[in-house]
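*Asks:* Attaching a single structure in structure tokens format; questions to follow.
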Amino acid sequence: MSTAVARFRREGYGSTLVGVLIVALFLFPVFWMVSTSLKAPADIFATPPDLIPSPPSAEAYREAVFGNPIVLRAMVSSVVVSLGTMLLTILLAAPAAYALARLELPGGPLVLLLLLITQLLPSIVMAGPLFVVFSRLGLVNSYQALILADTTITLPFAVIILRPFFLSVPKDLESAALVDGATRWRSFVQVTLPLVRPGLVTVAAFSFLFAWGEFVFALSLNTNEGIQPVTVALNKLIGQYGTQWNSLMAISTAVAVPIVAVFAGLQKFIVGGLTSGATKE
Amino acid sequence: MARALPSTAAVPAAAAVRPRRRVRRGLFADYLFLLPALLFIAVTMLYPVWTNLRMSLHDVTVMTFLRDNAPFVGLQNYRDLLADPVFHKALGLSLIFTAGSLAFQFGIGFALALFFNRPFPGNTTLRALLLLAWLLPTVVSGSLFRWMLDGDFGVVNYALVSLGLLDDGRYWLIEPGTALAGTVLANVWVGIPFNMALLLAGLQGIPHTLYEAASVDGATGWQRFRSLTLPLMRPVSLSVLLLGLIYTFKVFDLIYIMTGGGPVDATTVLPIYTYKLTFSFFRFGDGAAAATLLLVGLVGVALLYLWAARREEAS
């Protein structure tokens with residue numbers, strides 16, 4: 001018995017126990033969201049509130065999510081905007097980060113500084129002028145406008161994250177390809193790019209996560225219900241559903257599911273990217 | 001490998017023949033890698049900032065903004081802002097929101113970082129789970145806290161009343177006195193994992209040997225914390241706080257979703273005020289002036305950050 005206690009202590013299971021309690025307490029709001037979403041309408045107003053819905057009901061999901069064309073269409077819009085932002089970000093950021101890491105261009109450090117400054121621009125400052133610019137270009141109320149606007153946030157971040165990955169690729173590999181007669185572009189695409197795949201995954205994941213949750217541009221650059229992302233749809237429904245919190249929490253959970261899925265699948269890349277993005281400059 | 005050798009030898013010879021032209025042509029091709037990103041930045045970031053600056057000096061209204069023929073009014077928009085009591089209130093609320101958020105998310109984040117800095121089974125998994133709060137879309141966390149802080153059936157009221165901390169439930173987000181505190185609570189929850197992750201990275205950078213040496217010298221846990229951890233964490237703490245300052249000062253969506261700036265401007269911080277000027281009142285000129293002031297403030301903090309980082313490096 002006493003050896004079991006000693007082993008428990010030695011291996012730090014006491015800390016594990018405390019850790020589990022901390023995490024459970026901290027993530028209670030998430031639990032509460034899912035729990036509320038599985039309640040029947042009358043059970044939301046029970047006092048004391050039920051921690052676990054009994055019996056659980058899928059009614060809110062049936063009616064507010066799968067039976068709601070507005071939410072379904074908004075989900076599709078969010079997928080389009082998120083994938084578009086992800087692709088555009090990588091297309092622009094990968095060559096730029098490569099150039100800034102490898103090519104020793106005159107003015108390179110200046111570009112890096114410019115990127116750091118653009119990271120400061122709050123969406124709310126950009127939303128007004130972007131609305132004006134897009135109005136003149138006839139782009140207001142289009143997927144393109146939202147993708148372009150979201151990329152203003154993801155691009156500087158992506159270049160700053162990717163540059164160190166390119167720096168860590170050994171120069172010799174590429175020199176060999178160049179000597180063999182490959183052009184810069186071909187050696188970049190065929191030799192260097194595959195070697196920075198972890199960086200590309202990090203950037204893709206972050207661009208997708210950001211665009212999926214983006215709210216300010218979606219709110220201010222679009223008035224068309226046909227292409228409104230799910231974040232704006234949810235915000236509108238808060239007013240519409242009033243006190244039907246089970247419905248609202250069901251939609252919230254549905255909006256959160258892709259985030260949780262991406263995070264669960266790519267956790268390693270995301271945690272690394274978070275710390276490197278903010279500390280390495 | 002062997003096949004590459006002859007061509008390697010040929011390169012310097014060829015370069016010697018026409019050195020200048022080769023460099024020029026190569027350089028132009030190299031800039032093509034950067035060009036798309038630079039064009040994008042110019043069109044969607046620099047031009048809008050320039051547009052914003054210009055609008056802030058013109059009397060831009062619904063009638064004039066599409067045709068781009070608003071009359072130039074100099075600094076009148078800025079004077080209007082400075083004369084507007086709501087602007088002053090917004091500035092004050094922004095400062096309270098930022099200071100409150102930073103104090104709690106940094107403090108709790110630091111405590112959690114210290115806890116997770118010790119190795120124990122399941123450490124990495126538990127830490128990653130915390131990040132979930134930071135990754136949730138703001139609309140989701142905002143709606144969620146609206147529900148938890150609900151006056152009639154919110155779980156926060158239920159908990160406080162059952163614990164005997166409150167006699168009666170409160171309408172947290174509807175009463176002017178508590179609405180801002182409600183938004184701070186939600187923002188702290190979102191920000192804790194971010195602070196923890198960065199501070200933990202800092203703690204893990206402190207060499208173990210320092211602590212071992214201190215233990216040999218007979219330092220207690222508290223002494224090691226005070227004379228080793230705290231001073232060594234100063235640079236990291238400073239950057240986390242300044243980054244937090246930048247991120248928190250521009251928070252718009254969370255507050256907009258929870259309260260919309262209300263009740264009666266009680267949570268109208270500077271970004272909300274800016275948004276309302278432009279998109280609710282269509283006072284584009286005034287909105288642009290407010291946006292410019294917001295930007296100037298953020299650039300100021302960023303310069304402070306760079307200056308502090310350089311000073312820490314030098315010392």
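Read-outs: derived from the displayed coordinates by stated rules, not from any lab. Quantities reported herein were computed from a predicted structural model and do not represent experimental measurements. Glycine gets a Cβ as well: all are built from the backbone with ideal geometry, and neighbour counts include every protein chain shown.
*Asks:* Would you mind giving the mean number of other chain beta-carbons within 10 Å of the Cβ of each residue in A:189-196, as a whole number? Provide the component values of the computation, followed by the final result.
*Replies:* Numbers: counts 0, 0, 0, 0, 0, 0, 0, 0.
Mean shielding count: 0.
*Asks:* Now for a separate question. As an exercise, take the mean of 1/r over every pair of distinct alpha carbons in the protein assembly as shown, invert it, and state the Kirkwood radius in angstroms.
*Replies:* Details: mean 1/r = 0.0378 Å⁻¹.
Value: 26.5 Å, from the Cα pair sum.
*Asks:* Something else about it: Taking Cα pairs under 8 Å and at least six residues apart, what relative contact order does chain B come out at, in percent?
*Replies:* On the way: 304 pairs, mean separation 84.5, N = 315.
Answer for chain B is 27 percent.
*Asks:* Considering only the other residues whose Cβ falls under 14 Å of the Cβ of residue A:33, what net charge follows from Lys and Arg at +1 and Asp and Glu at -1?
*Replies:* +1
*Asks:* Hey, rough spin-label estimate for residue B:95 and residue B:61, points 7 angstrom out along Cα→Cβ, what's it come to in nanometres?
*Replies:* About 3.4 nm separates the two model spin labels.
*Asks:* Helix by helix, which DSSP H runs in chain B go 18 Å or more along their axis at the Cα atoms and have an average Kyte-Doolittle hydropathy of 0.0 or more?
*Replies:* Length and hydropathy pass: B:4-17, B:19-41, B:85-116, B:176-204, B:234-249, B:284-314.
*Asks:* Calculate the FRET efficiency for residue A:54 and residue A:18 from the Cβ-Cβ distance with a Förster distance of 22 Å, rounded to the nearest 0.05.
*Replies:* 0.15
*Asks:* How large is ³J(HN,Hα) for each residue in the stretch A:46-61, as worked out from phi by the Karplus curve 6.51 cos²θ - 1.76 cosθ + 1.60 (θ = phi - 60°), to whole Hz, x for Gly and Pro?
*Replies:* For the stretch A:46-61, the Karplus curve yields 5, 10, x, x, 6, 5, 10, x, 9, x, x, 10, 9, 4, 4, 5 Hz.
*Asks:* Calculate, for residue B:42 and residue B:282, the FRET efficiency according to 1/(1 + (r/R0)^6) with r their C-beta to C-beta distance and R0 25 Å; round to the nearest 0.05.
*Replies:* Details: r = 28 Å, r/R0 = 1.11.
Calculated value: 0.35.
*Asks:* Mind pulling the angle between the C-alpha long axis of helix A:245-279 and the longest principal axis of chain A? Nearest 10 degrees, somewhere in 0 to 90.
*Replies:* 30
*Asks:* Mind listing the phi-derived Karplus ³J(HN,Hα) values for the stretch A:226-237, rounded to whole Hz, using 6.51, -1.76 and 1.60 with θ = phi - 60°, and x for any glycine or proline?
*Replies:* Computed from phi, the couplings for the stretch A:226-237 are x, 10, 6, x, 5, 5, 5, 4, 4, 4, 5, 5 Hz.
*Asks:* Using amide H atoms built 1.01 Å from N in the peptide plane, name the residues 5+ places from residue B:58, or on other chains, whose amide H lies under 5 Å from its own.
*Replies:* Answer set, sorted by chain and number: B:73.
*Asks:* Here's another thing I want to ask about it. Cut-off under 16 Å on the C-alpha distance; same-chain residues fewer than 8 positions from residue B:276 excluded. Which aspartates and glutamates are left, in chain and number order?
*Replies:* Counting by Cα, and skipping residues close in sequence, residue B:276 has these aspartates and glutamates nearby: B:80, B:84, B:253, B:265, B:286.
*Asks:* Can you give the net charge of the other residues whose Cβ lies under 15 Å from the Cβ of residue B:110, counting K and R as +1 and D and E as -1? Before the final figure, lay out the partial values.
*Replies:* Values: positive: B:118, B:127, B:226, B:234; negative: none.
Counting the neighbours of residue B:110, the net charge comes to +4.
*Asks:* If you count, for each residue, the other Cβ atoms within 10 Å and average over each peptide, how do B:219-227, A:24-32, B:52-60, B:40-48 line up from highest to lowest?
*Replies:* Sorting B:219-227, A:24-32, B:52-60, B:40-48 by mean packing, highest first, produces B:52-60, B:40-48, A:24-32, B:219-227.
*Asks:* Per residue of B:142-152, count partner chain C-beta atoms within 10 Å of its C-beta, then hand back the mean as an integer. Numbers along the way, then the final one.
*Replies:* On the way: counts 6, 11, 11, 1, 3, 12, 6, 0, 3, 0, 3.
Mean partner-chain Cβ count within 10 Å for B:142-152: 5.
*Asks:* What is chain A by shape, rounded, prolate or oblate, if you read a ≥ b ≥ c off the alpha carbon gyration tensor as root eigenvalues and call it rounded for a/c under 1.5, prolate for a/b larger than b/c, and oblate otherwise?
*Replies:* Verdict is oblate for chain A.
*Asks:* For the stretch B:78-314, take N as its residue count and report Rg(C-alpha) divided by 2.2 N^0.38 Å.
*Replies:* Its radius of gyration relative to the 2.2 N^0.38 Å reference: 1.19.
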